[in-house]
Amino acid sequence: MMRHVTIEQGRMEIILAPDAASACCEAAARIAAHVRATPEPVLGLATGRTMEAIYRALVGLHRDEGLSFARCRTFNLDEYHPIAPDDPRSYHAYMRAALFRHVDIAPERTRLPDGAAADPAGECRAYEEAIRAAGGIGLQLLGIGLTGHIGFNEPPSDFASRTRLVELDETTRRQNADLFDNRWQNVPRQALTMGVGTIMEARRLLLVATGAAKARIVRDALEGPVTPMVSASALRLHPACTVVLDPEAAELLDLA
């Protein structure tokens, strides 16, 4: 049975799960509840190692409990640039392998930025328009990078920023080297990402962080200054943000 401690901190709900697996199952359960309760769900999705466990749990709920994604539309946070959607190292490929091909969502109801777009600025404008046309994102899933980024909003990122082409920090490239033969020099230097302002327009936010490597940046984001130097700190300004942590990611927080 899932056991956790829920702490209200300002506008933010912080859930302390007993371990990483429980944290990811809790996140999946919240996404599932949103999908079931919403006539036309619009989900914002994320990538990364933590998200793999969340997507496995969602696939399990689809298989074992009939959770349907047929009514969903999805928008991913980001994609490397330049990289083609059919490149096995792309986030398009990641999402197909982790979630999309295992559930009942039509490909045309899923969207990620086109990392091979000849006109990146035009692609970013079109992405913003597609989100607006879908009625906005109802629930946005987020991870946090070691630089404090949400999406690929590296420091400093204006809290009003929109979907755009960004330069990736070396720390981020090193963190994400596993998809690129474990050579960070092979990781693209740029990416297309939803902006902080775009993310903050989602009606609900769900941030998940696990592992001791995230403890310092989780503390900075949740208890340090609210600053463009840590884009995840903007989440403290959102009216409906839930953060799910395992003990290692939460170990530096002062939650008394």
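The values are calculated or read from the model by the stated rules, or taken from the named source; none is laboratory data. Note that the structure is predicted; figures quoted are calculated from it, not measured. Please note: Cβ atoms are built from the backbone with ideal geometry, for glycine as well, and neighbour counts cover all protein chains shown. When the accessible area is computed, the model is the full protein with side chains, heavy atoms only, and any ligands, DNA or RNA have been set aside. Shrake-Rupley method; radii C 1.70, N 1.55, O 1.52, S 1.80 Å.
Quick notes on this structure:
Table: residues versus (1) among the basic types (Lys, Arg); (2) closer than 30 Å to residue 88 by Cβ; (3) out of contact with any Phe, Trp or Tyr (no Cβ under 7 Å at 6 or more places or on another chain).
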site: 203; (1), (2), (3): yes, no, yes
site: 209; (1), (2), (3): no, yes, yes
site: 220; (1), (2), (3): no, no, yes
site: 227; (1), (2), (3): no, no, yes
site: 233; (1), (2), (3): no, no, yes
site: 238; (1), (2), (3): no, no, yes
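- Of everything listed in (1) farther than 15 Å from residue 208 by Cα; (2) touching a helix residue (DSSP H, G or I) at 6+ places or on another chain (Cβ under 9 Å); (3) open to solvent by 50 Å² or more (accessible area, probe 1.4 Å), the single unmet condition for residue 37 is (2).
- Count of region 114-133 residues which are open to solvent by 30 Å² or more (accessible area, probe 1.4 Å) and outside any helix (DSSP H, G or I): 4
- Selection count, region 234-256, where residues are in contact with a strand residue (DSSP E or B) (Cβ under 6 Å, 6 or more places away or on another chain) and small (Gly, Ala, Ser): 3
- Residues of region 179-210 satisfying the condition of being open to solvent by 10 Å² or more (accessible area, probe 1.4 Å), over 16 Å from the mean Cα position of the chain (by Cα) and touching a residue at least 40 places away in the same chain (Cβ under 8 Å): 179, 188, 190
- Here the condition is being within 19 Å of residue 11 (Cβ to Cβ), among the hydroxyl-bearing types (Ser, Thr, Tyr) and part of a loop (DSSP other than H, G, I, E, B); of 242, 227, it holds for 227 alone.
- Assessment of region 99-113 against the conditions (in a strand (DSSP E or B) and either over 30 Å from residue 189 (Cβ atoms) or at pLDDT 95 or above (or both)) yields at least one matching residue.
Rundown of residues vs (1) within 23 Å of residue 154 (Cβ to Cβ); (2) without any contact (Cβ under 8 Å) to a residue 12 or more places away in the chain; (3) of a type outside the set (A, V, I, L, M), yes/no style:
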| residue | (1), (2), (3) |
| --- | --- |
| 59 | no, no, no |
| 71 | no, no, yes |
| 74 | no, no, yes |
| 77 | yes, no, no |
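- Where residue 136 falls short, out of the listed (1) closer than 29 Å to residue 66 by Cβ; (2) open to solvent by 10 Å² or more (accessible area, probe 1.4 Å); (3) not in a loop (DSSP other than H, G, I, E, B): (3)
- Residues (assigned to a helix (DSSP H, G or I) and open to solvent by less than 30 Å² (accessible area, probe 1.4 Å)) located in region 65-91: 91
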